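The values are calculated or read from the model by the stated rules, or taken from the named source; none is laboratory data. Treat the numbers as computed from the prediction; the structure is a model and nothing was measured. Cβ: placed from backbone, ideal geometry, glycine included. Neighbour counts: every protein chain shown.
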Amino acid sequence: MTLPARPSAEGKQTAGGQPAARSRLEQLRAELADHDYRYYVLDEPVIADVQYDALMRELQAIEAEHPEWIRSDSPSQRVGGKARSELGEISHAVPMLSLANAFDAEEVAAFDRRVSDALRASGTLAADGEVEYACEVKLDGLAISLRYHDGLLVQAATRGDGQTGEDVTANVRTIRAIPLRLREPVAGVVEVRGEVLMFRGDFDALNQAQGERGQKVFINPRNAAAGSLRQLDPQITRQRPLRFFAYGWGQLDHPPSATRHSAMLDWLAGLGLPAEPMRQVVRGLDGLLGFYRRIGDARRALPYDIDGVVYKVDSLPAQQQLGFVSRAPRFALAHKFPAEEVNTELLDIEIQVGRTGALTPVARLKPVFVGGVTVTNATLHNEDEIRRKDVRIGDTVVVRRAGDVIPEVVAPVPALRPADAREFVMPSHCPVCGSGIERLEGEIIARCTGGLFCAAQRKQALTHAAGRRALDIEGLGEKLVDQLVERGRLQTLADVFTLTAEELAGLDRMGPKSAQNLIEAIDRARQPTLGRFLFALGIRHVGEATARDLARHFGSMEALLGAPADDLLQVPDVGPVVAASVAHFLGEPHNREVIHALLSQHGVAPRPEPLQVRGAALAGKTFVLTGTLHDWTRDEAAQKIVAAGGKVTGSVSRKTSYVVAGDDAGSKLVKARELGVVVLDEAGLRQLLES
Ligand code: IVH
């Protein structure tokens, strides 16, 4: 017996080959998407990788024959487009907030008390009732927002500052755990929030392969996930084993009828999204602490890193009642695991010289893996701290590292102290420049008195001045500054403006192109705002906010230089310590010389500091209101937007930041969709205003 031939890619073997190929194509697309769903969401794969690959090749062959049939949500179309020169920006329709943290059971108890008291007071919870919480693990990856429109993945953005993130759509499309199309059709926008991460096993394999190819190895899975997601070339992201778990949502045009967070996550899972896998609903404080304990026990066996658990009030109406404080919801809490601690050997204590001359003793450690990274240095803070802890060179010490925090030496292990352990003695002269060291009465920090004569201070002062929040000279980083200072080419900030492309091109890791880019960046830095210019000078006690206050008060550098010291105290938020520091800095002839050189010889011309509008949360944002709103009239909504610093206009263009659409919105909504303008509903607008 002969079996009927399976339609080949060409679809020529059956009569009417085109329809057969077409239906095989649809079948392959559905099957491949289904296998992704089984693998990433259900965790129950039913075919081996080789079979999956064979299906994919068959699909690609049909699509190669019929390019007119290719659709953006085809499983073959996960990588498209070329490498970009930078990632674009996306402003979030609903801000991405953060969570308040708790580190012990008492803080959790206080959270549960606050929540239950508030819900009892409003009659939402019975007098003796317990709150139900949706518990999840706190995934240690990168927050991301996925935007589906009519079921199709159209956009993906990182969290960024919570209001605006980076456009990582092309990269996210390569992550197989993220469906290109939802399994159920949902009209309008569905925004899914969750975490992109890398499993530990995948991370180890990736690092091994990177090492073998002589490429960069990553510090830990989170770092690898972040680096992979923010790649400029999606071809590279595609080769990185990224995963995704959903734990929330943003804008929803047609939310389901669910009234619980837990039910919402089940809904997302039904749409084909991998929802947070350890989730569980519990009751009251005992339930919370029980979950924390269980997860703590299971933590090492999980295939991915977590840094705590998250508690969320399960009832959505109750969540709404509780609302938000500043940038975090009152209805949720992250309960962090304690920082990891390990023992290692203290090989030596060296002195690091900071930007303002502060001398910090740094522990040189026998390399040890703690908190997800290999640690070789840790801060010892200051001399007194070393005495208080009685840490000696040669000791076995306890080292702690939590999250992104700088590792620290907690204590020595006295029982393991060798006979030749040495006490640390603060040097009397700066180890970099040989200048004297002073420790003022009542201060715990010892300082090098060399000022900008000290190469260590000069390097850091220059790196600070070039930094993103100061003159923002892209490309002038620590390594380059080090080289230039060591060659004696940078004595003061003014020297930066005399650099030439030719001399830069001759330095390590520099080519003609990057040298030219740097020269252009230096050129752009000639017109900083006055606040940035002042901040760049690195005056002790003058942070960004104080620099802006000074800039607004005096208006120009000349006015500030000419002002009597007493005038400084007239500046809002400037007290005697800051005033004295500014007066001292500006009184130094050397500093005045550098400032004069910058302004009169090198064409640096600070611009007046823009005025601050009070409560201008929406400054620079343009809104169009359309359709019927529920709780506000359009006029009321407009007034609130204007009060928050935003602008309301009548027609939608590419420049519109948000379209707020109520019921029966018509052509403006259509236009917004066409132009890709962010569409908010009333709740979204409210959240934006409240944030
Ligand atoms: S909820 C409104 N749930 O933690 C709060 N966040 O500090 C929205 N994270 O940026 C976040 N696992 O990257 C939530 N199960 C989880 C989480 C989680 C990890 C991260 C997320 C967020 C940060 C908040």
Inset, instruction - Tell me, please, whether a residue that is touching a Leu at 6+ places or on another chain (Cβ under 9 Å), under 27 Å from residue 529 (Cβ atoms), free of Cβ contacts under 8 Å to residues at least 60 places away in the same chain and not small (Gly, Ala, Ser) can be found in segment 507-515. - result: no
Inset, instruction - Give 427, 418 a once-over and let me know the one that is within 20 Å of residue 352 (Cα to Cα), modelled with pLDDT of 90 or more and assigned to a loop (DSSP other than H, G, I, E, B). - result: 427
Inset, instruction - Answer yes if at least one residue in segment 217-227 is within 13 Å of the ligand (Cβ to nearest atom), among the basic types (Lys, Arg), outside any loop (DSSP other than H, G, I, E, B) and touching a residue at least 12 places away in the same chain (Cβ under 8 Å), and no otherwise. - result: yes
Inset, instruction - Looking only at segment 357-380, decide whether some residue is within 30 Å of residue 248 (Cα to Cα) and among the aliphatic types (A, V, I, L, M). - result: yes
Inset, instruction - For residue 248, work out the one condition from (1) within 12 Å of the ligand (Cβ to nearest atom); (2) in contact with a Gly (Cβ under 6 Å, 6 or more places away or on another chain) it doesn't fulfil. - result: (2)
Legend entry - Leading residue by the ranking (surrounded by the most Cβ atoms within 10 Å (Cβ to Cβ)) among those in segment 91-120 that are within 16 Å of the ligand (Cβ to nearest atom) and closer than 24 Å to residue 146 by Cβ: 92
Legend entry - Given (1) at pLDDT 95 or above; (2) within 13 Å of the ligand (Cβ to nearest atom); (3) in contact with a helix residue (DSSP H, G or I) (Cβ under 7 Å, 6 or more places away or on another chain), index of the condition residue 289 fails: (2)
Legend entry - Residue count for segment 180-208, restricted to those that are away from the ligand (no atom under 16 Å from the Cβ) and in a strand (DSSP E or B): 3
Inset, instruction - Could you please tell me which pairs satisfy a Cβ distance under 9 Å, a separation of 6+ or placement on different chains, a first residue in segment 567-589 that is free of Cβ contacts under 8 Å to residues at least 12 places away in the same chain, and a second residue that is exposed (fewer than 13 other Cβ atoms within 10 Å of the Cβ) and small (Gly, Ala, Ser)? - result: 569/575
Legend entry - From 498, 529, 546, residue being modelled with pLDDT of 90 or more, out of contact with any Lys or Arg (no Cβ under 8 Å at 6 or more places or on another chain) and surrounded by 13 or more Cβ atoms within 10 Å (Cβ to Cβ): 498
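Every residue, every condition in (1) surrounded by fewer than 21 Cβ atoms within 10 Å (Cβ to Cβ); (2) under 30 Å from residue 517 (Cβ atoms); (3) free of Cβ contacts under 8 Å to residues at least 24 places away in the same chain, yes or no:
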site: 373; (1), (2), (3): yes, no, no
site: 388; (1), (2), (3): yes, no, yes
site: 409; (1), (2), (3): no, no, no
site: 413; (1), (2), (3): yes, no, no
site: 438; (1), (2), (3): yes, no, yes
site: 452; (1), (2), (3): yes, yes, no
site: 475; (1), (2), (3): yes, yes, no
Legend entry - Index of the failed condition, residue 368 passing every other in (1) β-branched (Val, Ile, Thr); (2) assigned to a loop (DSSP other than H, G, I, E, B); (3) without any contact (Cβ under 8 Å) to a residue 40 or more places away in the chain; (4) closer than 24 Å to residue 339 by Cα: (2)
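Residue-by-condition table, conditions (1) modelled with pLDDT under 85; (2) on the phi < 0 side of the Ramachandran plot; (3) surrounded by 13 or more Cβ atoms within 10 Å (Cβ to Cβ):
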{"site": "550", "(1), (2), (3)": "no, yes, yes"}
{"site": "558", "(1), (2), (3)": "no, yes, no"}
{"site": "564", "(1), (2), (3)": "no, yes, no"}
{"site": "574", "(1), (2), (3)": "no, yes, yes"}
{"site": "598", "(1), (2), (3)": "no, yes, yes"}
{"site": "604", "(1), (2), (3)": "no, yes, yes"}
{"site": "622", "(1), (2), (3)": "no, yes, yes"}
{"site": "628", "(1), (2), (3)": "yes, yes, no"}
{"site": "633", "(1), (2), (3)": "yes, yes, no"}
Inset, instruction - Scan segment 342-360 for residues that are surrounded by 20 or more Cβ atoms within 10 Å (Cβ to Cβ) and not in a strand (DSSP E or B) and jot them down. - result: 357
Legend entry - Pairs, first among the small types (Gly, Ala, Ser) in segment 280-307, second more than 16 Å from the ligand (Cβ to nearest atom), C-beta under 6 Å, six or more apart: 284/130
Legend entry - Members of segment 311-339 that are under 30 Å from residue 385 (Cα atoms) and crowded, with 16+ Cβ neighbours inside 10 Å: 335, 336, 337, 339
Inset, instruction - Look at segment 361-371 and say how many of its residues are more than 24 Å from residue 446 (Cα to Cα), modelled with pLDDT of 90 or more and surrounded by fewer than 17 Cβ atoms within 10 Å (Cβ to Cβ). - result: 2
Legend entry - Yes/no for residue 570 being over 30 Å from residue 462 (Cβ atoms) and either surrounded by 13 or more Cβ atoms within 10 Å (Cβ to Cβ) or more than 34 Å from the chain's Cα centre (by Cα) (or both): yes
Legend entry - Selected residue (criterion: modelled with the highest pLDDT) from residues of segment 43-74 that are within 21 Å of residue 246 (Cβ to Cβ) and under 29 Å from the mean Cα position of the chain (by Cα): 73
Legend entry - Search result, residues across segment 130-166 that are away from the ligand (no atom under 13 Å from the Cβ), of a type in the set (Val, Ile, Thr) and in a strand (DSSP E or B): 154, 164
Legend entry - Residues of segment 297-318 satisfying the condition of being touching a helix residue (DSSP H, G or I) at 6+ places or on another chain (Cβ under 7 Å), more than 10 Å from the ligand (Cβ to nearest atom) and either more than 22 Å from residue 104 (Cβ to Cβ) or of a type in the set (Ser, Thr, Tyr) (or both): 303, 304, 314, 316, 318
Inset, instruction - State which residue is farthest from residue 434 (Cα to Cα) when the search covers only segment 330-378 and only residues that are touching a helix residue (DSSP H, G or I) at 6+ places or on another chain (Cβ under 6 Å) and within 16 Å of the ligand (Cβ to nearest atom). - result: 331
Inset, instruction - Might you let me know whether segment 268-286 holds any residue that is on the phi < 0 side of the Ramachandran plot, crowded, with 19+ Cβ neighbours inside 10 Å, modelled with pLDDT of 95 or more and touching a Lys or Arg at 6+ places or on another chain (Cβ under 8 Å)? - result: yes
Inset, instruction - Among the candidates 334, 318, 363, single out the residue that is assigned to a strand (DSSP E or B) and over 25 Å from residue 243 (Cβ atoms). - result: 363
Legend entry - Sole exception among (1) modelled with pLDDT under 95; (2) part of a helix (DSSP H, G or I); (3) within 10 Å of the ligand (Cβ to nearest atom) for residue 265, by number: (1)
Legend entry - Failed condition for residue 64, given (1) out of contact with any Ser or Thr (no Cβ under 6 Å at 6 or more places or on another chain); (2) surrounded by 14 or more Cβ atoms within 10 Å (Cβ to Cβ): (2)
